[in-house]
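To start, the structure itself, in C-alpha coordinates.
The values are calculated or read from the model by the stated rules, or taken from the named source; none is laboratory data. The model shown is predicted, which means the values in this text are computed figures rather than measured ones. Cβ: placed from backbone, ideal geometry, glycine included. Neighbour counts: every protein chain shown. Just so you know, the surface numbers come from the protein's heavy atoms only, side chains and all, with ligands and any DNA or RNA stripped out. Shrake-Rupley method; radii C 1.70, N 1.55, O 1.52, S 1.80 Å.
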Protein chains: 2
Amino acid sequence: MFQLTVLYNHPEDPVAFDKHYTEVHAPLAAKMPGLRRYTYAKPGPGPDGSQPAYYLVAVLDFDDEAGLGAAMGSEEGQAASADLPNFAGAGATLLVGPATVAT
Amino acid sequence: MFQLTVLYNHPEDPVAFDKHYTEVHAPLAAKMPGLRRYTYAKPGPGPDGSQPAYYLVAVLDFDDEAGLGAAMGSEEGQAASADLPNFAGAGATLLVGPATVAT
(Lines give C-alpha, C1' and ligand atoms only; values in the text may rest on other atoms or scores of the structure.)
Protein backbone atom coordinates (compact mmCIF):
# COMPACT_ATOMS: atom_id res chain seq x y z
CA MET A 1 0.00 0.00 0.00
CA PHE A 2 1.07 3.56 -0.61
CA GLN A 3 -0.17 6.42 1.53
CA LEU A 4 -0.50 10.18 1.20
CA THR A 5 -0.88 12.09 4.46
CA VAL A 6 -1.79 15.76 4.39
CA LEU A 7 -1.32 17.75 7.60
CA TYR A 8 -3.16 21.05 7.31
CA ASN A 9 -2.01 24.02 9.36
CA HIS A 10 -4.59 25.93 11.40
CA PRO A 11 -6.50 28.20 9.03
CA GLU A 12 -7.27 31.83 9.66
CA ASP A 13 -10.96 31.12 9.19
CA PRO A 14 -11.81 27.63 10.45
CA VAL A 15 -15.48 27.92 9.52
CA ALA A 16 -14.66 28.75 5.91
CA PHE A 17 -12.03 25.99 5.82
CA ASP A 18 -14.46 23.39 7.11
CA LYS A 19 -17.15 24.40 4.67
CA HIS A 20 -14.81 24.35 1.69
CA TYR A 21 -13.09 21.13 2.73
CA THR A 22 -16.23 19.13 3.31
CA GLU A 23 -18.36 20.59 0.51
CA VAL A 24 -15.78 21.06 -2.23
CA HIS A 25 -12.34 19.60 -1.61
CA ALA A 26 -13.18 16.21 -0.10
CA PRO A 27 -15.74 15.41 -2.83
CA LEU A 28 -13.17 16.38 -5.49
CA ALA A 29 -10.39 14.28 -3.93
CA ALA A 30 -12.70 11.34 -3.33
CA LYS A 31 -13.27 11.04 -7.10
CA MET A 32 -9.62 10.29 -7.89
CA PRO A 33 -9.25 6.95 -9.69
CA GLY A 34 -7.37 4.30 -7.73
CA LEU A 35 -8.09 5.88 -4.36
CA ARG A 36 -8.75 2.95 -2.02
CA ARG A 37 -9.54 4.72 1.22
CA TYR A 38 -9.68 8.33 2.31
CA THR A 39 -10.26 9.58 5.82
CA TYR A 40 -9.90 12.99 7.39
CA ALA A 41 -9.68 13.70 11.07
CA LYS A 42 -10.09 16.87 13.12
CA PRO A 43 -7.67 16.63 16.05
CA GLY A 44 -8.87 17.95 19.39
CA PRO A 45 -6.82 19.82 21.99
CA GLY A 46 -4.17 17.95 23.93
CA PRO A 47 -4.68 16.67 27.49
CA ASP A 48 -3.43 20.05 28.75
CA GLY A 49 -5.85 21.96 26.51
CA SER A 50 -3.12 22.97 24.08
CA GLN A 51 -3.92 23.55 20.41
CA PRO A 52 -3.19 20.44 18.32
CA ALA A 53 -0.18 20.62 16.01
CA TYR A 54 -2.39 20.51 12.91
CA TYR A 55 -5.94 21.47 12.10
CA LEU A 56 -6.88 18.54 9.89
CA VAL A 57 -5.23 15.27 8.93
CA ALA A 58 -6.17 13.59 5.64
CA VAL A 59 -4.97 10.06 4.91
CA LEU A 60 -5.35 8.65 1.40
CA ASP A 61 -4.53 5.04 0.55
CA PHE A 62 -3.50 3.73 -2.86
CA ASP A 63 -2.38 0.29 -4.00
CA ASP A 64 1.13 1.44 -4.80
CA GLU A 65 3.24 4.41 -5.83
CA ALA A 66 2.08 4.14 -9.43
CA GLY A 67 -1.53 4.28 -8.24
CA LEU A 68 -0.86 7.50 -6.34
CA GLY A 69 0.92 8.96 -9.35
CA ALA A 70 -1.93 8.07 -11.67
CA ALA A 71 -4.48 9.51 -9.25
CA MET A 72 -2.58 12.80 -8.88
CA GLY A 73 -2.13 13.03 -12.63
CA SER A 74 -5.76 12.33 -13.43
CA GLU A 75 -8.24 15.06 -14.23
CA GLU A 76 -9.79 14.59 -10.79
CA GLY A 77 -6.43 14.74 -9.04
CA GLN A 78 -5.45 17.89 -10.88
CA ALA A 79 -8.76 19.47 -9.93
CA ALA A 80 -8.15 18.58 -6.28
CA SER A 81 -4.62 20.01 -6.38
CA ALA A 82 -5.83 23.16 -8.11
CA ASP A 83 -8.40 23.59 -5.35
CA LEU A 84 -5.81 23.74 -2.54
CA PRO A 85 -5.16 27.50 -2.79
CA ASN A 86 -8.89 28.04 -2.37
CA PHE A 87 -8.84 27.01 1.29
CA ALA A 88 -5.35 25.94 2.42
CA GLY A 89 -3.53 29.26 2.34
CA ALA A 90 -2.15 28.57 5.81
CA GLY A 91 -0.13 25.75 4.32
CA ALA A 92 0.04 22.00 4.66
CA THR A 93 2.68 19.31 5.08
CA LEU A 94 2.53 16.41 2.64
CA LEU A 95 3.97 13.00 3.43
CA VAL A 96 4.08 10.24 0.85
CA GLY A 97 5.42 6.74 1.22
CA PRO A 98 4.89 3.01 1.43
CA ALA A 99 2.55 1.87 4.19
CA THR A 100 1.91 -1.33 6.08
CA VAL A 101 -1.48 -2.46 7.30
CA ALA A 102 -0.76 -3.74 10.81
CA THR A 103 -4.40 -4.39 11.76
CA MET B 1 -14.89 6.97 13.77
CA PHE B 2 -12.13 8.24 16.04
CA GLN B 3 -8.53 8.40 14.94
CA LEU B 4 -5.13 8.55 16.60
CA THR B 5 -2.29 9.78 14.41
CA VAL B 6 1.29 9.50 15.64
CA LEU B 7 3.95 11.50 13.79
CA TYR B 8 7.39 10.22 14.78
CA ASN B 9 10.38 12.51 14.52
CA HIS B 10 13.48 11.28 12.73
CA PRO B 11 15.36 8.96 15.06
CA GLU B 12 19.07 9.07 15.72
CA ASP B 13 19.35 5.43 14.69
CA PRO B 14 16.81 4.62 11.96
CA VAL B 15 17.84 0.97 11.74
CA ALA B 16 17.24 0.42 15.45
CA PHE B 17 13.97 2.35 15.25
CA ASP B 18 12.71 0.25 12.35
CA LYS B 19 13.61 -3.00 14.03
CA HIS B 20 11.99 -2.06 17.33
CA TYR B 21 8.91 -0.58 15.68
CA THR B 22 8.16 -3.52 13.42
CA GLU B 23 9.22 -6.32 15.77
CA VAL B 24 8.07 -4.98 19.12
CA HIS B 25 5.94 -1.84 19.07
CA ALA B 26 3.58 -2.53 16.17
CA PRO B 27 2.75 -6.05 17.42
CA LEU B 28 2.07 -4.61 20.90
CA ALA B 29 -0.14 -1.80 19.60
CA ALA B 30 -1.97 -4.11 17.20
CA LYS B 31 -3.24 -6.14 20.15
CA MET B 32 -5.22 -3.26 21.68
CA PRO B 33 -8.90 -4.15 22.05
CA GLY B 34 -11.24 -2.08 19.89
CA LEU B 35 -8.55 -1.16 17.36
CA ARG B 36 -10.32 -1.29 13.98
CA ARG B 37 -7.47 -0.47 11.65
CA TYR B 38 -3.82 0.40 12.07
CA THR B 39 -1.43 1.43 9.34
CA TYR B 40 2.04 2.89 9.44
CA ALA B 41 3.78 4.66 6.60
CA LYS B 42 7.37 5.58 5.95
CA PRO B 43 7.38 8.88 4.06
CA GLY B 44 9.94 9.32 1.32
CA PRO B 45 11.86 12.47 0.44
CA GLY B 46 10.00 15.36 -1.15
CA PRO B 47 10.09 16.10 -4.90
CA ASP B 48 13.19 18.24 -4.24
CA GLY B 49 14.93 15.46 -2.32
CA SER B 50 14.30 17.12 1.03
CA GLN B 51 13.93 15.05 4.18
CA PRO B 52 10.26 14.41 4.99
CA ALA B 53 8.83 16.27 7.98
CA TYR B 54 8.40 13.03 9.94
CA TYR B 55 10.04 9.65 9.93
CA LEU B 56 6.98 7.47 10.39
CA VAL B 57 3.24 8.08 10.44
CA ALA B 58 0.97 5.70 12.34
CA VAL B 59 -2.80 5.95 11.97
CA LEU B 60 -5.05 4.01 14.33
CA ASP B 61 -8.81 3.86 13.90
CA PHE B 62 -11.37 3.25 16.63
CA ASP B 63 -15.15 3.28 16.61
CA ASP B 64 -15.37 6.33 18.84
CA GLU B 65 -13.60 8.31 21.56
CA ALA B 66 -14.62 5.78 24.21
CA GLY B 67 -13.09 3.01 22.14
CA LEU B 68 -9.78 4.85 21.96
CA GLY B 69 -9.90 5.52 25.68
CA ALA B 70 -10.61 1.87 26.47
CA ALA B 71 -7.80 0.74 24.15
CA MET B 72 -5.27 3.10 25.71
CA GLY B 73 -6.35 2.07 29.19
CA SER B 74 -6.18 -1.64 28.47
CA GLU B 75 -3.25 -3.80 29.48
CA GLU B 76 -2.15 -3.92 25.84
CA GLY B 77 -2.46 -0.14 25.43
CA GLN B 78 -0.44 0.49 28.56
CA ALA B 79 2.24 -1.89 27.34
CA ALA B 80 2.38 -0.04 24.01
CA SER B 81 2.63 3.35 25.77
CA ALA B 82 5.30 2.04 28.13
CA ASP B 83 7.27 0.87 25.10
CA LEU B 84 7.53 4.35 23.55
CA PRO B 85 10.69 5.42 25.45
CA ASN B 86 12.38 2.28 24.14
CA PHE B 87 12.55 3.61 20.57
CA ALA B 88 10.92 7.06 20.25
CA GLY B 89 13.38 9.18 22.20
CA ALA B 90 13.44 11.69 19.34
CA GLY B 91 9.83 12.49 20.14
CA ALA B 92 6.49 12.22 18.43
CA THR B 93 3.43 14.36 17.82
CA LEU B 94 0.10 12.83 18.74
CA LEU B 95 -3.16 13.91 17.16
CA VAL B 96 -6.49 12.57 18.34
CA GLY B 97 -9.93 13.38 17.05
CA PRO B 98 -13.09 12.42 15.23
CA ALA B 99 -12.60 11.21 11.68
CA THR B 100 -14.73 10.91 8.59
CA VAL B 101 -14.42 8.13 6.04
CA ALA B 102 -14.70 9.96 2.72
CA THR B 103 -13.96 6.94 0.53
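Worth a mention:
- Meets criteria (exposed (fewer than 15 other Cβ atoms within 10 Å of the Cβ) and over 26 Å from B:Y38 (Cα atoms)) for A:E23: yes
- Within the stretch B:35-50, tally of residues that are modelled with pLDDT of 95 or more and within 20 Å of B:V15 (Cα to Cα): 6
- Taken together, A:A82, A:A90 contain a single residue that is more than 9 Å from chain B (Cβ to nearest Cβ), touching a Pro at 6+ places or on another chain (Cβ under 6 Å) and of a type in the set (A, V, I, L, M), which is A:A90.
- Summed over the stretch B:5-20, residues that are open to solvent by less than 10 Å² (accessible area, probe 1.4 Å), in contact with a strand residue (DSSP E or B) (Cβ under 6 Å, 6 or more places away or on another chain) and of a type outside the set (S, T, N, Q) total 2.
- Single residue of the stretch A:44-63 satisfying the filter (open to solvent by 20 Å² or more (accessible area, probe 1.4 Å) and within 13 Å of the chain's Cα centre (by Cα)) that is farthest from the other protein chains (Cβ to nearest Cβ): A:Y55
- Output for the stretch B:70-79, where each listed residue is within 12 Å of chain A (Cβ to nearest Cβ) and open to solvent by less than 20 Å² (accessible area, probe 1.4 Å): B:A71
- Residue check, B:G67 within 8 Å of another protein chain (Cβ to nearest Cβ) and within 24 Å of A:R36 (Cβ to Cβ): no
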